[in-house]
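Before any comments, here is the structure.
The values are calculated or read from the model by the stated rules, or taken from the named source; none is laboratory data. These figures come from a predicted structure and were not determined experimentally. Note that we place each Cβ from the backbone using ideal geometry, even for glycine, and neighbour counts take in every protein chain shown. These area figures cover heavy atoms from the full protein model, side chains too; ligands, DNA and RNA do not enter into them. Shrake-Rupley method; radii C 1.70, N 1.55, O 1.52, S 1.80 Å.
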Amino acid sequence: ETNGPEPEQSARLLSADPVQFSTTDGFLIRGTFFHNKEDPSAKPVVILLHTFGSSHLDWFDFAPDLVDNRGFVVLAIDLRGHGASTLQNGVNFPIQNFTVADLNNMPLDIEASITYLKTRPQADVSRLGIVGVDIGANLAFIGAGTLPDVKTAVSISPQYRENQAQGVLIGTNLPNFQPSSVLYIASFGDGYTYTSSETLSTLTQGATQVVGLQGLAHGMDILLSNEAWVTVMDWLTQNL
C-alpha cells in the first residue's frame, strides 16, 4: 500500500508556477513555485538551492514529494549567474565571471526569495526552511545565521576549509552571524565535506545534527539515497 496520492491524482493537484523577481542588487532571479492548487491555505515553505554550475531543474524530482507527502509549498530558484538567472541590471553576468565578492553577494538571492514568498498567500513565511547542496549548502548555512525569517536549514555537502582561506560564504566575516537549527549531511568519503559539516555544526546554535553517509556521493547524488531524502524531509517536518 502506498502513502499519499496516486501519481495521476498528484499531477492534477500539483502546480509548478514559473516565477521571477529581482534582488536588491539587480539580478533577475528565475525559478519555480510548487504548491497544491486545490488547497490555497498557507503552508510551511521550503527554498531549494542547487549545486554550483547547475540549475533549479535538479530539484524537479524532489519538490513534488515535499508538496504531496509533507504538505509544504516549495520555491526552487536558479542562483545568480546560473541557469536563467544570469542578467544583472539587464547585462549578462554568468557565474564564470564572478569574483569572491560576487559569490558573497549570493545570499541576496535568498533575501529576494523570501520577499517574493511574502506575496504568495500559500506560503506561511513564519515557517520557512532552506535546503541547499554544494554551494547551496553554504548558502543555507549563511541564511540560517543572517536572515531572521529562516527557521531551519539543511546543508548537504558544505565546504569550509578552502572557503575559509578565500573567505567565501562561510559567514564568519559577517556581523552578528549566528546560525541556528541546521542539519548537515555529507559522505564520509567526499573530500572534506564531512569534516566541514562537523565544523559548521559546532558553529550552530539550537538544534543541529551531522549525518554521515558511507561512500563518496556529493551534493544531489546524496539525495538519490532514499534514506537521506527521508532524513531531510523528516528534519523539515519536525523543525517547521
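Looking only at the range 202-240, filter to residues that are charged (D, E, K, R) and modelled with pLDDT of 95 or more; which one of those is nearest to F60 (Cα to Cα)?
Looking at the filtered set, the residue picked out is D221.
Which one of these does V168 not meet: (1) part of a strand (DSSP E or B); (2) in contact (Cβ under 8 Å) with a residue 60 or more places away in the chain; (3) under 21 Å from G53 (Cα atoms)?
Unmet for V168, out of (1) part of a strand (DSSP E or B); (2) in contact (Cβ under 8 Å) with a residue 60 or more places away in the chain; (3) under 21 Å from G53 (Cα atoms): (1).
Would you check which residues across the range 82-100 are at positive phi and buried (at least 17 other Cβ atoms within 10 Å of the Cβ) and list them?
Selection gives G83 alone.
Could you tell me which numbered condition R127 fails, if it satisfies all but one of (1) in contact (Cβ under 8 Å) with a residue 40 or more places away in the chain; (2) crowded, with 24+ Cβ neighbours inside 10 Å?
R127 satisfies every listed condition except (2).
Taking the range 24-42 only, how many residues are under 29 Å from L169 (Cα atoms) and not hydrophobic (A, V, I, L, M, F, W, C)?
Number of matching residues: 6.
Taking the residues in the range 101-124 that are open to solvent by 10 Å² or more (accessible area, probe 1.4 Å) and in a loop (DSSP other than H, G, I, E, B) as candidates, determine which candidate is farthest from L75 (Cα to Cα).
Among those that are open to solvent by 10 Å² or more (accessible area, probe 1.4 Å) and in a loop (DSSP other than H, G, I, E, B), it is N105.
Take the range 173-198 and flag every residue that is under 18 Å from the mean Cα position of the chain (by Cα), outside any strand (DSSP E or B) and β-branched (V, I, T).
T193
Restricting attention to the range 151-162, and to residues there that are in contact (Cβ under 8 Å) with a residue 40 or more places away in the chain and within 20 Å of T51 (Cβ to Cβ), which single residue is surrounded by the most Cβ atoms within 10 Å (Cβ to Cβ)?
Checked the range 151-162; the qualifying residue surrounded by the most Cβ atoms within 10 Å (Cβ to Cβ) is S155.
Answer yes or no: is there a residue in the range 154-164 that is in contact with a Ser or Thr (Cβ under 6 Å, 6 or more places away or on another chain), within 22 Å of G206 (Cβ to Cβ) and in a strand (DSSP E or B).
Within the range 154-164, none of the residues are in contact with a Ser or Thr (Cβ under 6 Å, 6 or more places away or on another chain), within 22 Å of G206 (Cβ to Cβ) and in a strand (DSSP E or B).
When the range 73-90 is examined, which residues are found to be part of a loop (DSSP other than H, G, I, E, B) and under 14 Å from the mean Cα position of the chain (by Cα)?
D78, L79, R80, listed by residue number.
Go through the range 183-217 and give me each residue that's within 15 Å of I135 (Cα to Cα) and among the β-branched types (V, I, T).
Correct list: I185, T193.
Say we look at the range 62-72 and pick out the residues that are over 14 Å from the mean Cα position of the chain (by Cα) and in a helix (DSSP H, G or I); which of these is surrounded by the fewest Cβ atoms within 10 Å (Cβ to Cβ)?
Restricting to residues being over 14 Å from the mean Cα position of the chain (by Cα) and in a helix (DSSP H, G or I), the top hit is N69.
Checking T172 against (1) modelled with pLDDT of 95 or more; (2) among the hydroxyl-bearing types (S, T, Y); (3) open to solvent by 40 Å² or more (accessible area, probe 1.4 Å), only one condition comes out false. Which one?
The one condition T172 does not meet is (1).
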